[in-house]
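Student: Quick one: the structure is below, and I'll ask about it shortly.
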Amino acid sequence: MTALQMWCFWPVAALLLLLPIAPTLAEVVSSMSVCGHFLLEETPPQIPGVVEGGKILNQNRYKPICQTYRNERRFVTLYDVKNKIPVFSAYKYRGVDGKGRPKKHWKIEPQLENELANKNMMSKDKQISYKHQAVDTDFRSNGTFDRGHILPSSYACTENDKRSTFTLTNVVPQAGSFNKGSWSRMERCVQCVMDKYCTNSSGFTEGFVVTGAQPGSGKVLNNRVNVPSALWSAFCCYSADMQAWIASAHWGENVPDRAKNKHLQAKTLAELHGLLRTEDSEFAVFPGAQCPLHTTVAEFYPKDISCHCPPSDSPAPQSSTSASLTATSCSRSSTSAPCSSTSAPQTSTSAPHCSPSSHHTSTSASLTATSGPLSSTSAPRDSTSAPQTSTSTPHSSTSAPHTS
């Protein structure tokens, strides 16, 4: 081989070495700010005993994961390696492309076992004992519990986004009829509301969703995986059509639905905060944001029966936009930066898209074991188009703290 041939060969070889071995990636990181653009105001929830003042209290137990597929970050999860279930997953909802549920192919996260392991999500290796996460065999033939998505695949925008939700770091043991029944109907109803009302000033769908699990104190699946006592979910968005912020919360006990057509009723954020706070610490799902604490979106429920919303006699408000009650098309950006999640509605003059693919690094709300409380730079920015609302939380609760 001539010197010229050698010179031409090595750049190609080097390039091939840089290509990903597998198309699916997931990265365990030390700070959730690396994936902060999936969080409203890039600020993590306040969860007693887990995340307080922007700090993970025990980072040996609670691991932030940038859930990445085909080199693009799709959503973010905080994972409990002791209970082997997610604490929560968070996502920026942008509508969907209309495709259905992809074929299931469950993955595990190698870096939860060894931080130096390959970043690629992969199928379970039969030669490895997984001590820090659930595996597919934990759920098999149990007769009661599904692999219940925390972030549902139905909320994911593209087919690849949907595929990224099929990681066992995004599921919990969920009672089958609860998963397929009232919880599924709630997810569809909230999605319809976001499709119709969560429209930023550029005319594109944008809502922030956080869903989590409250660990149970008794049941353990396959002697390894904690069975949550309840699941909770909340969303918040700015509605340019209504020129206001809207939000709602839901929770449900992780038990089989007693009624075939059971619905979960919308609750206020304040009610969710009161349920999950402890005597020593407040719970807040969207701390520092302008999300209304004392109202729900029940009055906005679409009448479309495919939305599976609870029956309501309250008429939905008239919309000045032509937003469809069905899923809207994805909003992505031609730029590398994600859409802004500021307290004011967007007024971007760039291409009408937003992309979660950028490896966005925030300097605002750093969720680490060593960082201090959330800085004032992560607080909502002043806005004249969005109403200010109280962010205080109630001081009563009947719930237990987040326990192992």
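FYI, it's all coordinate maths here, none of it is from the lab. In this text, all values refer to a predicted model and were calculated from it rather than measured experimentally. Please note: Cβ atoms are built from the backbone with ideal geometry, for glycine as well, and neighbour counts cover all protein chains shown.
Student: Run the quick spin-label model on Ala259 and Asp280: label points 7 Å from Cα toward the beta carbon, then report their separation in nm to one decimal.
Tutor: 4.0
Student: Let me make sure I get this right: for region 20-92, a, b and c are the square roots of the gyration tensor eigenvalues over alpha carbons, sorted descending. Under 1.5 in a/c it's rounded, otherwise prolate if a/b > b/c, else oblate. Which is it?
Tutor: Numbers: a/c = 2.29, a/b = 1.44, b/c = 1.59.
Cα axes put region 20-92 in the oblate bin.
Student: When we measure straight from the Cα of Lys196, which lysines land under 27 angstrom away, once same-chain ones fewer than 8 places off are left out?
Tutor: The reachable lysines, counting only those whose Cα sits under 27 Å from Lys196, are Lys92, Lys99, Lys162, Lys180, Lys262, Lys267, Lys303.
Student: Same structure again: Kirkwood-based Rg over Rh for region 107-248 (C-alpha set), two decimals?
Tutor: Values: Rg = 17.6 Å, Rh = 17.0 Å.
That ratio equals 1.03.
Student: A further question follows. Checking the cross-link filter: which lysines have an alpha carbon closer than 18 Å to that of Lys55, excluding same-chain neighbours under 8 positions apart?
Tutor: Cross-link targets: Lys63.
Student: Then there is this: List the aspartates and glutamates whose alpha-carbon lies under 17 Å from that of Lys131, not counting same-chain residues fewer than 8 positions away?
Tutor: Asp80, Glu109, Glu113, Glu115
Student: Set the Förster radius R0 to 60 Å, insert the Cβ-Cβ distance between Glu299 and Gln127 as r into 1/(1 + (r/R0)^6), and round the FRET efficiency to 0.05.
Tutor: The formula returns an efficiency of 0.60 here.
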